[in-house]
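Undergrad: The structure follows.
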Amino acid sequence: MTMTPRERFLAACRRAPVDRIPFDLGGRVTDIAATLYNPYRRHLGLPEIQRPDWPEDSHHSRLGVATLDDDFLELLEVDTRWISFLPPTSHDHRFKLEPDGSATYVDEWGANLKRVVGQPYFNFVEQPLLKATNIQEINAHPWPKMDGSRDDYWGKTVEHHKSRGDYALCFVFKGIFEQTWPLRGLEQSMKDMIKNPDLLEALMDKVLESQINLYGRMADVIGKDLDMVLITDDYCGQQLPMFSIKNFRRFILPRQLEMYKVLRAKGVKVSGFHSDGAVFDFIPGFIDMGMEVLNPIQITASGMEAEKVKEAYGSQIAFWGGMDTQDLLPNADPETVYSEISKVITTLARNDGYIFASIHNVQGDTPLENLLAAFRAFKDLRDQKF
């Protein structure tokens, strides 16, 4: 029986049989570089798209990736459609061009970002709470507030996607740690876990309060239409974690669990979680905090081999990702890309529970022929049972 994209996606999330492997492309961590978009469109026989430097979708602008159009997604038979979290109308999110050609802006949370010359994306450069020493300073920070200015956009976006087909509607935002350290600093946040845990917990509590306010409002408006919310939170490098599992369970797990509970109570169907790197030993904690689908399965990180992860956790969670964008896509030849992607798909799709996607955004140094080889491998295998 042929499934709709939404039915296919939800079945894969629940590790149920699917008519073919679902395909995700276009999310904040599963997209392609903006510089690759028009070459790919030309390859597909689609007209080029011209956009201003700062499109409406600030997530995509910050990361230097493309905002994908309906004709492109439909031609590639992508099963997902992503809904963005735009800044409120009261916040000026436009960047400022500096004399040296760099660009800067302040996000809704008060963190400062900069894009240096020659880079396609913005990095956090100044942390407003780096020097905070007490809870009063944390409370006095201008925390973001929901003003309702985005409600109409969300509703219209949902209706637009529904008018085009029965697609899996997805939403993404940063987790507790990824929203905390841009305010406090990455190094300082990890120091606080040891030297100033009470202050860090107070800060994380304010982050959670603000996230429940912001994303809870989003879920009030469109939660019953959302099939997946993907929360992104990175704790590990490619070889080792940045902090202990004990600290993860103290500072992060209970707060992330609360966020998932809020979203599920408002109608969101599936809880997805994105965490890069060597997260194998963290996966039981992810499951305890409510995660049902793990992204991105960075197979090149220590302990994250596709076979190992599938064998250990394939009966408990679904997997989403697996296409290596760090080394394989930019550096291999198309034949090797095709072969390696085929191996990952046949492993992670065994006994269902798999969504094909990139490990992270496909970078601009990726040869187009390699990206085409990866997607060709998927298309050749998507209908098979493993």
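The values are calculated or read from the model by the stated rules, or taken from the named source; none is laboratory data. What you see is a predicted model, and the numbers here were worked out from it, not measured in a lab. All Cβ positions, glycine included, derive from the backbone under ideal geometry; neighbour counts span all protein chains shown.
Undergrad: Is the range 120-135 home to any residue that is at pLDDT 95 or above and in a helix (DSSP H, G or I)?
TA: Yes: the range 120-135 contains one or more residues that are at pLDDT 95 or above and in a helix (DSSP H, G or I).
Residue by residue, here is whether (1) surrounded by fewer than 19 Cβ atoms within 10 Å (Cβ to Cβ); (2) out of contact with any Asp or Glu (no Cβ under 6 Å at 6 or more places or on another chain) holds:
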position	(1), (2)
Glu201	yes, yes
Asp205	yes, yes
Ile212	yes, yes
Asp227	no, yes
Cys236	no, yes
Phe243	yes, yes
Arg249	yes, yes
Arg255	no, yes
Lys269	no, no
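Undergrad: Still on this model: Could we say that Asp100 is among the charged types (D, E, K, R), at pLDDT below 95 and part of a helix (DSSP H, G or I) here?
TA: Considered against the rule, which asks whether it is among the charged types (D, E, K, R), at pLDDT below 95 and part of a helix (DSSP H, G or I), Asp100 comes out as no.
Undergrad: Just name the residue that is nearest to the chain's Cα centre (by Cα) out of those in the range 60-87 that are of a type outside the set (A, V, I, L, M, F, W, C) and either more than 18 Å from Val158 (Cα to Cα) or assigned to a strand (DSSP E or B) (or both). I'd like the intermediate steps shown before the answer.
TA: At the first step, the residues of the range 60-87 found to be of a type outside the set (A, V, I, L, M, F, W, C) are 60-62, 64, 67, 69-71, 74, 77, 79-81, 84, 87.
From the residues that got through so far, the ones that are either more than 18 Å from Val158 (Cα to Cα) or assigned to a strand (DSSP E or B) (or both) too are 60-62, 64, 77, 80-81.
On the way: His60: 11, Ser61: 14, Arg62: 13, Gly64: 14, Glu77: 20, Thr80: 13, Arg81: 13 Å.
Among those residues, the one meeting the criterion is His60.
Undergrad: When you scan the range 169-250 for helices (runs of 4 or more DSSP H) that lie fully inside it, which ones turn up with 3 or more residues that are more than 19 Å from the chain's Cα centre (by Cα), under 20 Å from Gly277 (Cβ atoms) and of a type in the set (Ser, Thr, Tyr)?
TA: none
Undergrad: Could you list all residues from the range 315-359 that are polar (S, T, N, Q), part of a loop (DSSP other than H, G, I, E, B), in contact (Cβ under 8 Å) with a residue 60 or more places away in the chain and under 20 Å from Leu63 (Cβ atoms)?
TA: none
Undergrad: Same structure again: Hey, could you check the range 59-92 for residues that are hydroxyl-bearing (Ser, Thr, Tyr) and touching a helix residue (DSSP H, G or I) at 6+ places or on another chain (Cβ under 9 Å) and say which is surrounded by the fewest Cβ atoms within 10 Å (Cβ to Cβ)? Before the answer, list the steps.
TA: We begin by selecting, within the range 59-92, every residue hydroxyl-bearing (Ser, Thr, Tyr); these are 61, 67, 80, 84, 89-90.
Filter once more, keeping what is touching a helix residue (DSSP H, G or I) at 6+ places or on another chain (Cβ under 9 Å): 61, 67, 80, 84.
Numbers: Ser61: 25, Thr67: 18, Thr80: 26, Ser84: 20.
My answer is Thr67.
Undergrad: Here's something else I'd like to know. Only residues in the range 360-376 that are closer than 17 Å to Asn38 by Cα and in contact (Cβ under 8 Å) with a residue 60 or more places away in the chain count as the first member; pair them with residues that are outside any helix (DSSP H, G or I) and of a type in the set (Asp, Glu), Cβ under 7 angstrom, at least 6 apart or cross-chain, and list the lot.
TA: Within 7 Å, the pairs are Asn361/Asp31.
Undergrad: List the number of the failed condition for His93; all other conditions in (1) more than 29 Å from Asp69 (Cβ to Cβ); (2) in a loop (DSSP other than H, G, I, E, B); (3) not acidic (Asp, Glu) hold.
TA: Of everything listed in (1) more than 29 Å from Asp69 (Cβ to Cβ); (2) in a loop (DSSP other than H, G, I, E, B); (3) not acidic (Asp, Glu), His93 misses just condition (1).
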